[in-house]
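Peer 1: For reference, the structure I am asking about is given below.
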Amino acid sequence: ANMLKKIFVSIIVLILLSFSNEKFEQLKFEKQVAYEVFPQLIDSIHSDSRIKVPIPPPPIENGTNPTETIPLRQIYKDLERQEKELYKDTVKLVTAIVDSTIILSKEDKLELINHFELKQNHLDTSNIDFRYKIDLKKLKADKKIRFKYRSELPDGKKIWKTDYDFYLNSVISFSRIQFDRTNSYGVMTAHYTSGPLSGGSFRIFIKKDNDKWIIDWIDLTAVA
């Protein structure tokens, strides 16, 4: 009886160890993908908050559309000029990274099926309803950008009202990744703000292409 008990306990331990190792490997894989697509993500949604976008004048009395009075080509040229000039200076644009990942909503997970036209049962069933801490050292971006943990800065709107010895450009957070069962497609979300009343939320669809992970599409889901 004791021998059977020992065998039973050993089997349970092996099953638990196997489950734990599988969970660890899946999380390790997810982190690798997240850090791989991050440079593409930051390149897509990040901007220098010092750039001033021209505000169109109010409509004139005859009802002319304000955009007709300012050629879009002129606006784009002005924005490009500002961007090039500001990029040359020595200021580092500090982006605060929310320390841990966001939890994906059920809606976001299901959008993976819709976007890539997968079958309903093709979502990976790994548990992604917990957060992991983001490693700033693994976040790659343009040399103009620096990262800090959000927790190092004041809470709430005080973050934008505090004087720093650096330029706080933006705050970003990103989520866990929902994969399909083949680990070929994924969806994640991100929130980006560059001031108390300026920001947006994004749903990012990613896919594996020639053994590399790339962003397939970004949806703007909310604007602050």
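The values are calculated or read from the model by the stated rules, or taken from the named source; none is laboratory data. Note that the coordinates shown come from a computational prediction; the quantities given were computed from them, not determined experimentally. Neighbour counts are summed over all protein chains in view; Cβ atoms, including those assigned to glycine, are modelled from backbone coordinates with ideal geometry.
Peer 1: Limited to region 123-134, what total is found for residues that are loosely packed, with under 15 Cβ neighbours inside 10 Å and free of Cβ contacts under 8 Å to residues at least 60 places away in the same chain?
Peer 2: 5
Peer 1: State all residues of region 145-200 that are small (Gly, Ala, Ser) and buried (at least 18 other Cβ atoms within 10 Å of the Cβ); if no residue qualifies, say none.
Peer 2: If the condition is that a residue be small (Gly, Ala, Ser) and buried (at least 18 other Cβ atoms within 10 Å of the Cβ), then Ser170, Ser173, Ser175, Gly186, Ala190, Ser194 are the ones that fit.
Peer 1: Moving on. Taking region 71-99, which residues are over 25 Å from Phe38 (Cα atoms) and among the β-branched types (Val, Ile, Thr)?
Peer 2: Ile75, the sole residue that qualifies.
Peer 1: Assigned to a loop (DSSP other than H, G, I, E, B), in contact (Cβ under 8 Å) with a residue 12 or more places away in the chain and surrounded by 14 or more Cβ atoms within 10 Å (Cβ to Cβ): which single residue out of Leu118, Leu112 fits that description?
Peer 2: Residue meeting the stated conditions: Leu118.
Peer 1: Still on this structure, I have one more. Let me confirm something: among Lys140, Lys212, which residue is at pLDDT 95 or above, surrounded by 11 or more Cβ atoms within 10 Å (Cβ to Cβ) and out of contact with any Asp or Glu (no Cβ under 7 Å at 6 or more places or on another chain)?
Peer 2: Lys140
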